[in-house]
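S.K.: Quick one: the structure is below, questions incoming.
What follows is calculated from the coordinates using simple rules that are stated; it is not laboratory data. All figures in this text were calculated on a predicted structure; none of them were measured in a lab. When we count neighbours, we look across all protein chains shown, and the Cβ atoms used for this are built from the backbone with ideal geometry, even at glycine.
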Amino acid sequence: NGHLDIIRLLIQHHANLEIEDKDGDRAVHHAAFGDEAEVLELLAKSGADLNARNKRRQTALHIGVCKGHFDVCKTLLSNGAHPGIQDSDGDTPLHDAISKRRDDLIIILLEYNADVATCNNNGFNSIHHAALRGNSSKNANVNLADKDGDTCLHEALRHHTLSQLKQLQDVGDSGRLINIFTNTNGYDKRPSVAIACTLVMHGADLSAKNKKNQKPFDLCPDPHLCRILTEKHIEYNRENNNDQQLSQNNSLTECLVCSDNERDTLFQPCSHVVTCHLCASRVKKCLLCKENIQTRIKIEQCKLCSQRKASVMYKPCGHLIACEECAGLTEKCFVCRVAIDSIVSFNELCCGNNDSVSIKSETPTTPTPTPSNDVSDAIALARLQQQLQEIREQVHCPICMDRLKNMVFLCGHGVCQNCGDRVQECPICRKPIEKSIILYT
């Protein structure tokens, strides 16, 4: 009853603090039951055993948690009560706090290092118990097995089958027996179906076997649900593979020097991309091939769409001016007008798998000496070829260099219709395209 003066007097006269009643309860159990934190403090200082258990194997902390007495639990824990002792059902005080949905008690138990991995007699640890009571757990392993070897998916499909059989029994009693496994009305809204799909979408193993050598599908005669779960499993594997591929690509494109920025500088003459533009000046030899670096070229935006970074190198000229989406739009290099034989992807440039390619020099090479009587003819031929090239540039699309111009923008520049439908800015002046006009000949 909380008579502190009487309790002090009894303690002074050496009263036995460990005497049990018919249920095995001691003074600490009664104090916890009656929400007497001050009494427990006094008993603790007098040497009472705070971890004593009654006939139900409960400690005073169990009782305090079950009754929801926060001050009692705090006093017991601060005076050395053990937070992980199990009762006759195998439950710890943390199990009981989860059952009572007392977040404040859960927090204080965890602060005093309560073990969340301790399992009760049903094989449930505290996280299992939280899930059983409707609480959520992030980053949980959905493939952990219980004492029978059953995973979460085993239990979900077993519950689904039992609910279907119960429904079948109810329908049969009313004289309207139907095949419930082909009735898909509102199928996705059924709780058992939603739980099974969620487990599979988070990596549940369809091939896991329990101790009876049963896979999850062995517990589910519903072909419609099995088909849905198989599709979800394929979707999960596809997304997981995409994430792994994205992670690999990220590791390929990060600067090998600082590892903070993306690679955006092309080294010549080796044509490798290994650093960002901030670190490029510090590197004298290519980190992949050890060749001396003569030129460093910062990779800019695609010269065709101006929306994405250039990521494809043209061969044989070696210009890196287009993104992957625009690389197939043209058969000639936009800069040097050289026909494109092949392309090298950005990942190959980062890995060093490309053949060594140098950027074509835009300065004319020294012509081979010719006999004096053929000089005038060679000069005339060169001029004619230059004039022909200028005429072609005027009438051919500046993007693909292959088709004739038949579409004009309001800015006055023109392209072919095939390329004009793909761009949002003029490739010459970079003005937004407001209107395009088709030319008919």
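S.K.: Can you classify the range 4-132 as rounded, prolate or oblate using the Cα gyration tensor, where a ≥ b ≥ c are the square roots of its eigenvalues, rounded means a/c under 1.5, and otherwise it's prolate if a/b beats b/c and oblate if not? Provide the component values of the computation, followed by the final result.
M.R.: Numbers: a/c = 2.50, a/b = 1.84, b/c = 1.36.
Because a/c hits 1.5 or more and a/b exceeds b/c, the range 4-132 counts as prolate.
S.K.: Points 7 angstrom from Cα along the Cβ direction at residue 38 and residue 159: gap in nanometres?
M.R.: 4.7
S.K.: Once you have the Cα-Cα distance between residue 309 and residue 127, take 0.36 nm times their residue separation minus that, and quote the gain in nm to one decimal.
M.R.: On the way: separation 182, 0.36 × 182 = 65.52 nm, distance 4.71 nm.
Separation in residues times 0.36 nm, less the Cα-Cα distance, equals 60.8 nm.
S.K.: Check residue 404: other-chain or 5+ apart residues with amide H under 5 Å from its amide H, H built from backbone geometry?
M.R.: 397
S.K.: So for 88, 163, 271, fewest C-beta neighbours within 10 Å to most, what's the order? Mind showing how you got there, number by number?
M.R.: Numbers: 88 12, 163 15, 271 25.
With the fewest neighbours first, 88, 163, 271 line up as 88, 163, 271.
S.K.: Suppose each label sits 7 Å from its Cα in the direction of the beta carbon; what would the residue 234-residue 190 distance come out to in nanometres?
M.R.: Each label point is offset 7 Å from its Cα along the Cβ direction, giving 2.2 nm.
S.K.: I need the calculated FRET efficiency for the pair residue 55 and residue 422, taking r as the beta carbon distance and R₀ as 56 Å, to the nearest 0.05. List each step's numbers first, then the result.
M.R.: On the way: r = 82 Å, r/R0 = 1.47.
Approximately 0.10, to the nearest 0.05.
S.K.: How do 21-34, 277-290 rank on mean C-beta neighbours within 10 Å, highest first? Write down the numbers at each step before the final one.
M.R.: On the way: 21-34: 19.0, 277-290: 14.0.
Peptide ranking by packing, descending: 21-34, 277-290.
S.K.: Would you work out if the range 265-351 is rounded, prolate or oblate? Take a ≥ b ≥ c from the square roots of the eigenvalues of the alpha-carbon gyration tensor; rounded if a/c is under 1.5, else prolate when a/b is larger than b/c, oblate otherwise.
M.R.: Numbers: a/c = 2.19, a/b = 1.69, b/c = 1.30.
Prolate shape, in that a/c is at least 1.5 and a/b is the bigger ratio.
S.K.: Still on this structure, please answer the following. Could you list 349, 329, 381 in order of exposure, starting from the residue whose Cβ has the fewest other Cβ atoms within 10 Å? Walk me through the intermediate numbers first.
M.R.: Details: 349 26, 329 18, 381 11.
Least to most surrounded, the residues fall as 381, 329, 349.
S.K.: Separate question: Once you put a point 7 Å from the Cα of residue 408 and another 7 Å from the Cα of residue 325, both along the Cβ direction, what distance in nm separates them?
M.R.: Computed distance between label sites residue 408 and residue 325 equals 2.9 nm.
S.K.: Note the full-extension length gain between residue 391 and residue 113 as 0.36 nm times their separation in residues minus their Cα-Cα distance, in nm to one decimal.
M.R.: Once the chain is fully extended between residue 391 and residue 113, it gains 91.8 nm.
S.K.: Can I ask one more? Rounded to the nearest 0.05, what FRET efficiency do residue 241 and residue 342 have when you use their Cβ-Cβ distance and R0 = 41 Å? Please report the intermediate quantities before stating the final value.
M.R.: Numbers: r = 28 Å, r/R0 = 0.68.
That pair, residue 241 with residue 342, gives E of 0.90.
S.K.: Sticking with this one: Classify the range 6-82 from the C-alpha gyration tensor, please: rounded if a/c falls under 1.5, else prolate or oblate depending on whether a/b exceeds b/c.
M.R.: Values: a/c = 1.74, a/b = 1.22, b/c = 1.43.
Oblate is the answer for the range 6-82, as a/c is 1.5 or above yet b/c matches or exceeds a/b.
S.K.: Order of 262, 239, 434 from fewest to most other C-beta atoms within 10 Å? Let's see the in-between values first.
M.R.: Values: 262 15, 239 11, 434 8.
Least to most surrounded, the residues fall as 434, 239, 262.
S.K.: If you don't mind, another one. What is the calculated FRET efficiency for residue 202 to residue 436, with r their C-beta to C-beta distance and R₀ = 35 Å, to the nearest 0.05? The partial results should precede the final answer.
M.R.: Working: r = 49 Å, r/R0 = 1.40.
With R0 = 35 Å, the Cβ-Cβ based efficiency is 0.10.
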